[in-house]
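Asks: Below you will find the structure I want to go over with you.
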Amino acid sequence: MSEVPAGLHYTASHEWARPEGEQVVVGITAFAVESLQDLVFIELPKLGDEVRRGERFGEIESVKAVSDLYSPVDGSVVAVNEALANDLDRLSRDPYGEGWLIRIAPRTSLPEALAGLLDAAAYRRLIEQEEHGGG
Amino acid sequence: MSAGVRPGQAGGAGQGPPPELASRTIFEESRPGRMAVSLPEPGVPSPGAEALLPAWARRAVPPALPEVGELQLVRHYTRLSQKNLGIDTTFYPLGSCTMKYNPRLNEQIAALPGLADIHPYQDPDQVQGALELFYELEQLLAQLTGLEAVSLQPAAGAHGELTGLMCIRAWHVSRGEAARRTRVLIPDSAHGTNPASVTLCGMEAVPVRTADNGRVHLADLERKLDERVAAFMITNPSTLGLFESELPAMAERLHAAGALVYLDGANLNAMLGVIRPGDLGVDVMHVNLHKTLSTPHGGGGPGSGPIAVRSFLEPFLPVPRIVRGEDGRLRLETDRPQSIGRVKAFLGHAGMVWRAYAYLRAHSGRDLAGVAKHAVLNANYIRVRLRDHYEVAYPGMCMHEVVLSARRQKRLGASALDIAKGLLDRGFHPPTIYFPLIVPEALMIEPTETETRETLDRFCDAMIELAELAARDPEQLRQAPRTLPVRRLDEVRAARQPVLRWRAEPAPADRPPLAEGDACAAASAGVPATR
Amino acid sequence: MRYVPHTEDDVRAMLQRIGVADLDALFAEVPREVYHPDGLPWPPRLSEAELRRHLEEIAARNVPLSSRPSFLGAGAYHHYIPAVVDALAARGEFLTAYTPYQPEASQGTLQVIFEFQTMVAELAGLEVANASLYDGATALVEALFMLQGGPGAAGERRRVVLSTGIHPEYRQVVRTYYAHLPYEVVELPLDARGRTDLEALAAAAREAAVFAFQSPSFYGTIEDARAVCETARAAGAEVVQVFDPIGVAVLTSPGEAGAAAAVAEGQPLGIPVQFGGPHLGLLATRERYVRRMPGRLVGRTVDLEGRPGYVLTLQTREQHIRRERATSNICTNVGLMALRATIYLAALGRRGLETLATICLQRAHHAACRIAELPGFALRYPETPFFREVAVRCPVPAAEVNRHLEARGIIGGLDLGRFDPAEERTMLLCFTEMTTPADIERLLGALAEVRAS
């Protein structure tokens, strides 16, 4: 069972969101990293880009798969983890820490921005189902 | 990680070059001053390039091409060829690729000066024979497909898809419907080229689900069929190796909804001479000459992907068209106002046209039917021989290929990839793996009609042995292959730090020191070309 | 059946194993009304000897370029093909393999492609090249897509500009591909000297995503490629150059000129003219575009034991993974033609290619000077340098000249009226190492007989 830290907010497409001050740090979960395997390339938005909940903000590639990254909240990109471009192992090593992807300034208040996302327990149930289904 | 197999000695008969030479590129063989050709003297009193070209037109740095002698050249590429498996060396049951025997006669025919050495801009009177072969192959393909008009212009299957979709789109334009008909329905088992071609044609690919019996999910198709649909793009037999017996009914629904049916002809070998796709309600299809009609695959082409269409789509076919004048002479016609235009320079892959024509004329109608029947026989024989050892993706009779799943083996620790690599050590090219995407751990096996029963039996024996090995010692399988010139390659490294070309190694002084014993670094001291 | 090895016993035993009565029972799911158990109406089968004779007879109705002096080029060139090219490319291990998805079993094909990519990048003077595209025309389309960010990319600039110096059939292919895409394709005419008008280019490129030009142009003229690239880039457009893979041994390379990408028809590199195909599309570009490149790419890596080896790489660009969002739909390309070009370029080498290019250049200039001295003949672009092709004004329509040459046993040049009625008196003549000095004398003798009527 992959690590699912409590206190974070999750999407069904395996992104996590962590409020920090008025902003939200976004990454992908340990489950996502494990299922992708062998990451080789990541494409992230530029500073200032607008992102919307449920819409694509970038993509991540393994050797033989490519996955879209979906934003958990509406807002604009205020920071991008540039270090990932040259060292994707950071993401494999520590998806909830130094493997963060972007930081977003939400368009609305924080509680409003995060409303409707999954909590750790709900996300854990989701990946349990996926692991079963994927057999 | 010592394998007991010395680097560079596997694969050949142990007589290959020492390991440090085994993978040398032609650039490393180069010495200034060598050459493998003899060129004529200019024979005219002109001065050299410096005098004939102004300085701004002249190249400053010459291209760093290798310089080798003729024997060196022959040895280098002969050695490389020996690091390849091909149909000529090995059973090659690559699903959906129809790796049948490539007749040598057809290679000789294509090399005749009257076919190899003619120019597409010669006066038509000087190339009537060539035009005749184009014309005749069009007729034969029309007969095989049950469709009325054929264009030989597309260069490969994917190019045929795009050309066919463009014709469909042009037809909708002619009816004033193109603006709303922008969707193409595609089963989720389809080749990736299908949706990619749709995008290239400025339309949107909409997937249709596969039902539990492995056929198109009829209710899902029905649900997605509306006035926005331009076409339904189906592969039959499907990539699951199954016959879509509901295709005539589906085609009727599509036509009633104002849309057309495109058939991906990748799997035509199963229908050759016994089923005409036109009779199933298909409006447009492509034929892969390099699959069904035996032209060689060439290590990745050339292909050839002629399209066949119903007569109402004929005006939209690409130019030029080959037409017979009243005097019986053939000529090229380009003035066709409704045509989608030209999809490639000149006329198409003529060299493949000669070969495909020869292949078809080597057979009677009954012989061609036999091709399909034996292709289907061989696939089903493999299916029943392996069905107790691997999961068969979908039950029932298959057509020209059978899709197995190594799901059971995967749970034991050996994936479809490991099975594939194990086959390599047993003298077989693996089947297509991990496709279709909807079958987990897919092994897609297409034996073709040109293999003997003994070969099929040896292959099945190897597959059964691998299934047993997966149960007994999966780790051994994960180490395969061991008998080829290289073992498993680091694809992550290749993608993370792409080295896409050879470069001269930096002079020793500029070279960063290597960690002691770092064979990997020593072996690839070439400068990464990107990132 | 010609290529089916089963005996009757084999078939019987296999059917029994499957558990069906006969071969037709394998097709039980096929509706009976569309199933033809005895095959379709078909011409009679020919034996191998009959088939060979049949095709020899058909081939004999064609006039091969090698049978008489020929001055036809215009995108497909009659160069000598060294015997080693045919001999090595015919090896079954190369000929009968397919796309190298199983790298351990395909190191031969993969290393050849790696060498090919290197050679093409060297020719173009650029950093990377792919494993081939169908032909020069489709390579041009793919390069345009790559530079604009994908076929349907919604950039701010929705225009591509094509120089009319590009082969007319290539321009037609571009128009076909763009017909349903949200882009405008406009053409920029060559000036009176057969070169790009830089002022007009500066204006046209201002709203263009990409500018494409060809040098040597379809009309044989050589552009100041540096100036062209600088002008277009200053106006904010990316540039792709269509180049000549033999001429580039002596001519400014696209990389030197500053192009972002370069494409070419690789047929002159050891591939028969064979009535127009299969030929070989070359594409090279700069590193920054590598993730948008269409087609296969081979990369060097190491195996489990640290030995160098080759694999297909960066495959997530391609249709089998990215499907509707792939950079291109190309799958099967022209691997065997890339192999031929690799062997050809290795055979000639750096010095050989330069020598060959110089022979073409010298013979073309010698012939052109002599033709210009003939009464009624003149060079179409007398001030502009050229390589192995030259456009010549004739005293009568080029079609008439060609008929006269044909009567003298010569295959003439391209009647440019074929693509532009205003040029019906212009002929495009091509000179290579295959057009000997004696052939040129014969041509001159025959042209000297042509008089304005």
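The values are calculated or read from the model by the stated rules, or taken from the named source; none is laboratory data. What you see is a predicted model, and the numbers here were worked out from it, not measured in a lab. Positions of Cβ are generated from backbone atoms using ideal geometry, with glycine treated the same way; all protein chains shown enter the neighbour counts. Accessible surface is based on the protein model in full, side chains and every heavy atom, while ligands, DNA and RNA are left aside. Shrake-Rupley method; radii C 1.70, N 1.55, O 1.52, S 1.80 Å.
Asks: State the percentage of accessible surface on chain A attributable to carbon and sulfur atoms; use a 1.4 Å probe and exclude ligands, DNA and RNA. Intermediate results must be reported in sequence, preceding the final value.
Replies: On the way: 3040 of 6430 Å².
Using a 1.4 Å probe with all protein chains present, chain A comes out at 47 percent carbon and sulfur.
Asks: May I pose another question? Report, in cubic angstrom per residue, the convex hull volume of the C-alpha atoms of the range C:84-342.
Replies: Cα convex hull per residue, to the nearest whole number: 129 Å³.
Asks: Return the FRET efficiency for the residue pair C:His54, B:Arg104: r is the Cβ-Cβ distance, R0 is 22 Å, and the value is rounded to the nearest 0.05. Please report the intermediate quantities before stating the final value.
Replies: Working: r = 17 Å, r/R0 = 0.77.
Calculated transfer efficiency: 0.85.
Asks: Give the long-range amide H neighbours of B:Thr432: residues separated by 5 or more places, or on another chain, with amide H under 5 Å away, using H modelled in the peptide plane at 1.01 Å from N.
Replies: B:Gly95, B:Met444, B:Glu446
Asks: In terms of modelled amide H atoms, which long-range or inter-chain residues lie less than 5 Å from the amide H of C:Glu187?
Replies: C:Leu162
Asks: Contact order normalised by length for the range C:32-133, with contacts defined as Cα pairs under 8 Å and 6 or more residues apart; what percent is it?
Replies: Values: 21 pairs, mean separation 11.0, N = 102.
Once normalised by length, the contact order is 11 percent.
Asks: Summing -39500 (n - 2.57) over the DSSP H runs of n ≥ 4 in chain C and dividing by its residue number, what mean residue ellipticity at 222 nm do you reach, to the nearest 500 deg cm²/dmol?
Replies: Numbers: 14 runs with 163 residues, N = 453.
Result for chain C: -11000 deg cm²/dmol, rounded to the nearest 500.
Asks: For the range B:145-361, what is one quarter of the convex hull surface built on the Cα atoms, given in nm²?
Replies: Details: hull surface 48.7 nm².
The number I arrive at for the range B:145-361 is 12.2 nm².
Asks: If you take each beta carbon of peptide C:69-78 and count the beta carbons of other chains within 10 angstrom, what is the mean? Write down the numbers at each step before the final one.
Replies: Numbers: counts 0, 3, 0, 5, 2, 3, 5, 6, 1, 3.
Across C:69-78, the average partner-chain Cβ count within 10 Å equals 3.
Asks: For chain C, what is the charge dipole size about the Cα centre, in debye to the nearest 20, if Lys and Arg each add +1 at the Cβ and Asp and Glu each add -1 at the Cβ?
Replies: Numbers: 45 positive and 54 negative charges, 115 e Å.
So the dipole magnitude of chain C works out to roughly 540 debye.
Asks: Separate question: On full extension of the chain, what length is gained from B:Asp473 through B:Asp388, given 0.36 nm per residue of separation minus the C-alpha to C-alpha distance?
Replies: Numbers: separation 85, 0.36 × 85 = 30.60 nm, distance 1.93 nm.
Stretched out fully, the B:Asp473 to B:Asp388 stretch lengthens by 28.7 nm.
Asks: May I pose another question? To the nearest 20 Debye, how big is the dipole of the range B:226-376 about its Cα centre, given +1 on the beta carbon of each Lys and Arg and -1 on that of each Asp and Glu? Each step should come with its number before you reach the end.
Replies: Values: 16 positive and 14 negative charges, 129 e Å.
Rounded to the nearest 20 debye, it is 620 debye.
Asks: Express in whole angstrom the spacing between the alpha-carbon centres of the range B:61-140 and the range B:296-320.
Replies: For the range B:61-140 versus the range B:296-320, the Cα centre distance is 19 Å.
Asks: Mind checking the mean number of beta-carbon atoms from other chains within 10 Å of the Cβ atoms in B:103-116?
Replies: 6
Asks: Here's another thing I want to ask about it. Provide the per-residue ³J(HN,Hα) series for the range C:172-183, in order, calculated from phi with Karplus coefficients 6.51, -1.76, 1.60 and θ = phi - 60°, each as a whole number of Hz, with x at glycine and proline positions.
Replies: 5, 5, 4, 5, 4, 5, 8, 4, 10, 10, x, 10
Asks: Counting C-alpha atoms alone, how compact is chain B: give Rg to one decimal and Dmax as a whole number, in angstrom.
Replies: 26.4, 80
Asks: Compare the Cα positions of B:Leu332, B:Tyr92, B:Val371 along the charge dipole of chain B (+1 at Cβ of Lys, Arg; -1 at Cβ of Asp, Glu; about the Cα centre) and return the one farthest towards the positive end.
Replies: Most positive-ward Cα: B:Tyr92.
Asks: Given the Cα atoms of the range B:113-207, and with Rh set as the inverse mean 1/r over their pairs in the Kirkwood sense, what is Rg to Rh to two decimals? If you can, show how the numbers build up before the last one.
Replies: On the way: Rg = 17.3 Å, Rh = 15.8 Å.
Across the range B:113-207, the Cα-based Rg/Rh ratio is 1.09.
Asks: Right, something else. Quick one: which residues, 5 or more positions from B:Glu391 or on another chain, have an amide H under 5 Å from its amide H? H modelled 1.01 Å from N in the peptide plane, none for Pro or chain starts.
Replies: B:Ser405, B:Arg407, B:Arg408
Asks: What is the packing order of peptides C:200-211, C:30-41, taking the mean over residues of other C-beta atoms within 10 Å and listing the highest first?
Replies: Values: C:200-211: 20.4, C:30-41: 14.6.
Packing proxy ranking, top to bottom: C:200-211, C:30-41.
Asks: Taking all protein chains in place and a 1.4 Å probe, what share, in percent, of the accessible surface of the range C:366-409 do carbon and sulfur account for?
Replies: Looking at the range C:366-409 in its full context, I get 50 percent from C and S.
Asks: Next question, about the same structure. What list of ³J(HN,Hα) couplings, whole Hz, do you get for the range B:220-231 from phi and the Karplus terms 6.51, -1.76, 1.60, once you set θ to phi - 60° and write x for glycine and proline?
Replies: Here the 3J(HN,Hα) series is 5, 4, 4, 4, 8, 8, 9, 6, 8, 8, 8, 7 Hz.
Asks: Moving on. How far apart, in nanometres, would the label points at C:Ala448 and C:Leu198 be if each is projected 7 angstrom from Cα along the Cα-to-Cβ direction?
Replies: 4.2 nm
Asks: Where the convex hull is taken over the Cα atoms of the range B:370-478, what is its projected area averaged over directions, in nm²?
Replies: Working: hull surface 24.5 nm².
Mean orientational projected area (the range B:370-478, Cα hull): 6.1 nm².
Asks: Let me spell out the model: positive unit charges on the Cβ of Lys and Arg, negative unit charges on the Cβ of Asp and Glu, origin at the Cα centre of the protein assembly as shown. What dipole size does that give, in debye rounded to 20? Mind showing how you got there, number by number?
Replies: Values: 115 positive and 137 negative charges, 142 e Å.
Computed charge dipole of the protein assembly as shown: roughly 680 debye.
Asks: Can you quote the Å³ per residue value for the convex hull of the Cα atoms in the range C:351-392, rounded to an integer?
Replies: For the range C:351-392, the hull spanned by Cα atoms encloses 49 Å³ per residue.
Asks: Can you tell me the length gained on complete extension of the stretch C:Val396 to C:Asp86, counting 0.36 nm per residue apart and subtracting the Cα distance? Could the numbers behind the result be given before it?
Replies: Details: separation 310, 0.36 × 310 = 111.60 nm, distance 4.14 nm.
107.5 nm is the gain from fully extending C:Val396 to C:Asp86.
Asks: Considering the dipole of chain C built from charges on the beta carbon (Lys and Arg +1, Asp and Glu -1) around the Cα centre, which of C:Ala368, C:Gln315, C:Trp42 is farthest to its positive end?
Replies: C:Ala368
Asks: May I have the extent of the alpha carbons of the protein assembly as shown along their three principal axes, as whole Å values ordered from largest to smallest?
Replies: The principal-axis extents, from largest down, are 92, 73, 68 Å.
Asks: Solvent-accessible area per residue for the protein assembly as shown at a 1.4 Å probe radius, Å²? Could the numbers behind the result be given before it?
Replies: Working: 37810 Å² over 1119 residues.
I get 34 Å² per residue for this part.
Asks: Further question: Computed on alpha carbon atoms, what radius of gyration and Dmax characterise chain C, expressed in Å?
Replies: Final numbers for Rg and Dmax: 25.4, 83 Å.
Asks: Accessible area of the range B:321-401 with a 1.4 Å probe: how many percent of it is carbon plus sulfur?
Replies: Working: 1030 of 2500 Å².
Of all accessible area on the range B:321-401, carbon and sulfur atoms account for 41 percent.
Asks: To the nearest 100 Å², how much accessible surface do chains B and C hide from each other in total, with a 1.4 Å probe?
Replies: Values: alone 26860 and 23320 Å², together 32040 Å².
So the buried area, both faces added, is about 18100 Å².
Asks: Across the residues of B:275-284, average count of Cβ atoms on other protein chains within 10 Å?
Replies: Per residue, the number of nearby Cβ atoms from other chains is 2 on average.
Asks: Starting from the Cα of A:Lys46, step 7 Å along the direction of its Cβ; do the same at B:Glu505; then give the gap between the two resulting points in nm.
Replies: 4.2 nm
Asks: Right, another one. Please work out the C-alpha center-to-center distance from the range C:157-216 to the range B:165-211 and express it in whole Å.
Replies: What the calculation gives is 29 Å, centre to centre.
Asks: Where in chain B lies the longest segment free of GluC sites (Glu not before Pro) that are both loop residues by DSSP (not H, G, I, E, B) and have at most 13 other Cβ atoms within 10 Å?
Replies: B:29-226
Asks: Also, quick follow-up: Which FRET efficiency, nearest 0.05, do B:Ile464 and B:Leu71 yield, Cβ-Cβ r, R0 45 Å? Walk me through the intermediate numbers first.
Replies: Working: r = 46 Å, r/R0 = 1.02.
Given R0 = 45 Å and the Cβ-Cβ separation, E is 0.50.
Asks: Could you rank the peptides C:380-388, C:113-121 by their average count of other C-beta atoms within 10 Å per residue, with the highest value first? Let's see the in-between values first.
Replies: On the way: C:380-388: 21.6, C:113-121: 27.8.
Result, highest mean Cβ count within 10 Å first: C:113-121, C:380-388.
Asks: Per Stokes-Einstein, at 4 °C and 1.567 mPa s, what whole-number D in µm² s⁻¹ belongs to the range A:9-111, with the Kirkwood radius over Cα pairs as the hydrodynamic radius?
Replies: 97 µm²/s
Asks: Report the local net charge at B:Ala142: Lys and Arg +1, Asp and Glu -1, summed over other residues whose C-beta lies under 11 Å from its C-beta. Before the final figure, lay out each step's value.
Replies: Values: positive: B:Arg276, B:Arg310; negative: B:Glu136, B:Glu138, B:Glu148, B:Glu314.
Spelling it out: positives minus negatives among the neighbours equals -2.
Asks: OK, next. In Å, what is the Rg of the alpha-carbon atoms in the range C:283-370, and how long is Dmax?
Replies: Rg then Dmax for the range C:283-370, in Å: 19.3, 64.
Asks: Work out the FRET efficiency for C:Glu187 and C:Thr7 from their Cβ-Cβ distance, taking R0 = 51 Å, and round it to the nearest 0.05.
Replies: Numbers: r = 63 Å, r/R0 = 1.24.
Efficiency at R0 = 51 Å is approximately 0.20.
Asks: Next question, about the same structure. Rounded to the nearest Å, what's the spacing between the alpha carbon centres of the range C:67-118 and the range A:37-107? Just the number, please.
Replies: With the range C:67-118 and the range A:37-107 each reduced to a Cα centre, they are spaced 42 Å.
Asks: Using each residue's phi in the range C:63-68, evaluate 6.51 cos²θ - 1.76 cosθ + 1.60 at θ = phi - 60° and report the 3J(HN,Hα) Karplus result to the nearest Hz, with x for Gly and Pro.
Replies: Those phi angles translate into 9, x, 4, 6, 8, 7 Hz.
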